[in-house]
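Engineer: Sharing a structure, written as structure tokens. Questions coming.
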Amino acid sequence: MGWDARNGFKEAGGRFICLIDGDGQIPPEDIISVYEKIKSDKLDFVTTYRVQRGDSLLRKVNSYTYNIAFRILFPRVRVKDANSKPKILLKRHIPECALQPMTGF
């Protein structure tokens with residue numbers, strides 16, 4: 001996890017954690033739809049997927065490779081794009097190791 005996400009996990013006081021990138025590809029209003037979905041369907045995790053990507057070829061290849069690795073490592077988690085955001089999950093599912101302060105840098 002990136003330093004910013006880990007610190008956000010640690011500081012978040014609510015029941016849900018929502019992640020979204022700040023690169024402008026995803027409108028912040030999309031957070032509302034993932035929040036409504038997790039609440040209405042009583043789910044533990046909701047993510048989106050990108051129909052069109054505004055990424056460079058290298059970034060697309062990296063994402064494709066990451067998604068293949070994700071599917072191999074987590075075959076029971078069915079997502080189209082593990083990198084896509086926004087995504088929202090119950091805070092209780094964040095591993096304890098992700099909530100610890102980062103040291104040694």
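Engineer: Pull up the stretch 38-79, narrow it to residues that are among the β-branched types (Val, Ile, Thr) and at pLDDT 90 or above, then point me to the one that is nearest to the chain's Cα centre (by Cα).
Structural biologist: Val46
Engineer: Could you count how many residues in the stretch 85-105 are at pLDDT 85 or above and not hydrophobic (A, V, I, L, M, F, W, C)?
Structural biologist: 5
Engineer: Looking only at the stretch 1-37, filter to residues that are among the polar types (S, T, N, Q) and open to solvent by 60 Å² or more (accessible area, probe 1.4 Å); which one of those is modelled with the highest pLDDT?
Structural biologist: Of everything passing the filter in the stretch 1-37, Ser33 is modelled with the highest pLDDT.
Engineer: Of everything in the stretch 38-60 that's in contact (Cβ under 8 Å) with a residue 12 or more places away in the chain and within 20 Å of Val77 (Cβ to Cβ), which residue is most open to solvent (accessible area, probe 1.4 Å)?
Structural biologist: Tyr49
The values are calculated or read from the model by the stated rules, or taken from the named source; none is laboratory data. On a predicted model such as this, the values are computed, not experimentally measured, just so you know. For neighbour counting, all protein chains shown are included, and Cβ atoms are generated from backbone atoms with ideal geometry for every residue, glycine included. Protein only, heavy atoms only, side chains kept; ligands, DNA and RNA dropped before computing areas. Shrake-Rupley method; radii C 1.70, N 1.55, O 1.52, S 1.80 Å.
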